[in-house]
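Reviewing the structure listed below.
The values are calculated or read from the model by the stated rules, or taken from the named source; none is laboratory data. Worth saying up front: this structure is predicted, and the values here are computed from it rather than measured. Heads up, the Cβs are rebuilt from the backbone with ideal geometry, glycines too, and the neighbour counts pull from every protein chain shown.
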């Protein structure tokens, strides 16, 4: 299909040529460079004058306002509720009534704790999974069964240990909690530890370890080392050890040997604390 001078000179022939070529829509009389800067504002017509340049749009003026009052879900409110709890049961009630963390609206249950609150060994995990959300108890799924075997290997079970999580509600799809979600629950977790006042803390998983130790290093670097956990509610710092999460151990069985070393250290520390 050739465009000749005679076709160009005949508007009807030129239109037929465009149709035959597949052109069925026109966008403008001149090409537009989309990579160029913003075009000048279009001219406007006023009744009393000819075309004049359009005025630039007015810039809105934002006046300063007074800061908003803290919402129910603010970290300050969580800290206030946590500090007001004088017993573990009061803390449980405070957590169950707290609506500041958005995860709660997606969860089936609040997962507070399991085991003996008078135990000398306290474990803090990461967040509830599907089975924990269904039953309202921490570490009751497949990884929980492995944790029970790990505790049994050093002579403990849920009657001689106390288990909780950094998060009290299951994140949708078992996703990792956001930093904001963790910070909203943290005052309750810290108060929880202070009320139980264990002899030894075991942080199970990277989220629990990095959050409560305020240390951004990964679990591979944090595990196997002794730290001291302290907060204003504790009479003295508590020895704390971090270890791999059972869910990780199920995916990576060779790492169980390192977790076993961590458990033996915990057992040794509990024995030495009992003799003091």
Pull up region 91-116, narrow it to residues that are outside any helix (DSSP H, G or I) and exposed (fewer than 15 other Cβ atoms within 10 Å of the Cβ), then point me to the one that is farthest from the chain's Cα centre (by Cα).
108
From the options 141, 115, 125, 129, residue that is closer than 26 Å to residue 241 by Cβ and modelled with pLDDT under 95:
141
Looking only at region 159-183, which residues are surrounded by fewer than 20 Cβ atoms within 10 Å (Cβ to Cβ), in contact (Cβ under 8 Å) with a residue 24 or more places away in the chain and either in contact with a strand residue (DSSP E or B) (Cβ under 8 Å, 6 or more places away or on another chain) or farther than 22 Å from residue 214 by Cβ (or both)?
159, 160, 172, 174
Given (1) at pLDDT below 95; (2) in a helix (DSSP H, G or I), number of the condition residue 247 does not satisfy:
(1)
Assuming residue 232 fulfils every condition listed in (1) crowded, with 21+ Cβ neighbours inside 10 Å; (2) modelled with pLDDT under 95 apart from one, which condition is it?
(1)
Take region 118-163 and flag every residue that is in a loop (DSSP other than H, G, I, E, B) and farther than 28 Å from residue 273 by Cα.
127, 128, 129, 136, 137, 140, 141
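Of the residues in region 213-224, how many are under 20 Å from residue 147 (Cα atoms) and either surrounded by 14 or more Cβ atoms within 10 Å (Cβ to Cβ) or modelled with pLDDT under 95 (or both)? First the steps, then the outcome.
Restricting attention to region 213-224, the residues satisfying the condition of being under 20 Å from residue 147 (Cα atoms) are 219-220, 222-224.
Checking the rest, the ones that are also either surrounded by 14 or more Cβ atoms within 10 Å (Cβ to Cβ) or modelled with pLDDT under 95 (or both) come to 219, 222-224.
Residues meeting the conditions: 4.
Could you please give the count of residues in region 130-142 that are in contact (Cβ under 8 Å) with a residue 40 or more places away in the chain and buried (at least 22 other Cβ atoms within 10 Å of the Cβ)?
Of all residues in region 130-142, those in contact (Cβ under 8 Å) with a residue 40 or more places away in the chain come to 130, 139, 142.
Now narrow it down to the ones that are buried (at least 22 other Cβ atoms within 10 Å of the Cβ): 139.
Of the residues in region 130-142, 1 are in contact (Cβ under 8 Å) with a residue 40 or more places away in the chain and buried (at least 22 other Cβ atoms within 10 Å of the Cβ).
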Determine which member of the set 77, 65 is in a helix (DSSP H, G or I) and at pLDDT below 95.
77
